[in-house]
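Right, one structure below, let's go through it.
The values are calculated or read from the model by the stated rules, or taken from the named source; none is laboratory data. Every value quoted in this text rests on a predicted model; they were computed, and no experiment measured them. Positions of Cβ are generated from backbone atoms using ideal geometry, with glycine treated the same way; all protein chains shown enter the neighbour counts. Remember, those area values only see protein heavy atoms, side chains included, never the ligands or the DNA or RNA. Shrake-Rupley method; radii C 1.70, N 1.55, O 1.52, S 1.80 Å.
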Amino acid sequence: KGIQAYKNARYEEAINHFQSAVNLDPTLTMTHMYLATAYAQQVVPNSDTAANRALADHAIAAYKDALQIDPNNVNAIKGVAAIYFGQNRPDDAKAWQQKVLAVDPKDPEAYYTIGVIDWTRAHRNSLQMLANNGITDKGDGNPGLPKKACDQLAEQNGPLVTEAMDVL
């Protein structure tokens, strides 16, 4: 019933059925995964409303319940990482992507996502440094940025760029 409701985009109904299944047998990984997926489907990326945070928290909790049963369930690990990424929690997302790689060292999506997180951080650092120096990025290499700021930015972004290049 839960799967049918989910397929018909009746997520609240699906959640109720999946929660009943979890309550009937909490040892089944798949029931926790279905429950987590039904919650996760409703999470809106980059939305910081209380309702959205609650959905994200429920999804993460259900994925973690699945991981209590099967600690190497890469889909549950990826589920948690994806929610954190969508909720603009890059440190948590990166940590969970690293857990994906601990289970599956050849997962290209995890490497790519870590690279995206590092690049995004480096880009934000660059824009902030430019703003701090009264410069707007015009795509010209920003020749007006003082050497001291360039050195600070290189120190700040160097490890991020190195890691991003390594994973990509």
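Below is a table of values for the structure above.
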item: Estimated FRET transfer efficiency (Glu155, Asp91; beta-carbon r; R0 22 Å; 0.05); result: 0.70
item: Apportionment of accessible area to carbon and sulfur, the stretch 47-137, percent (1.4 Å); result: 52 percent
item: Computed label-point distance, nm, for sites Glu12 and Asp166 using a 7 Å Cα→Cβ extension; result: 4.8 nm
item: Rounded Å value of the spacing that divides the Cα centres of the stretch 4-75 and the stretch 92-109; result: 20 Å
item: Trypsin sites (Lys or Arg not before Pro) within the stretch 133-166: DSSP coil, no more than 13 neighbouring Cβ in 10 Å; result: Lys138
item: Partners for Lys99 among lysines (Cα-Cα distance below 30 Å; same-chain residues under 8 apart left out); result: Lys7, Lys64, Lys78
item: FRET efficiency, Gln4 to Arg53 (Cβ-Cβ, R0 35 Å, nearest 0.05); result: 0.80
item: [x] 1.31; [y] 1.20; [z] 1.14, with the label sought being that of the calculated Cα Rg over 2.2 N^0.38 Å; result: [x]
item: Computed E for Asp25/Asn132 - FRET, C-beta separation, R0 45 angstrom, nearest 0.05; result: 0.20
item: Summed residue charge, Cβ within 14 Å of His32's Cβ, Lys/Arg positive, Asp/Glu negative; result: -2
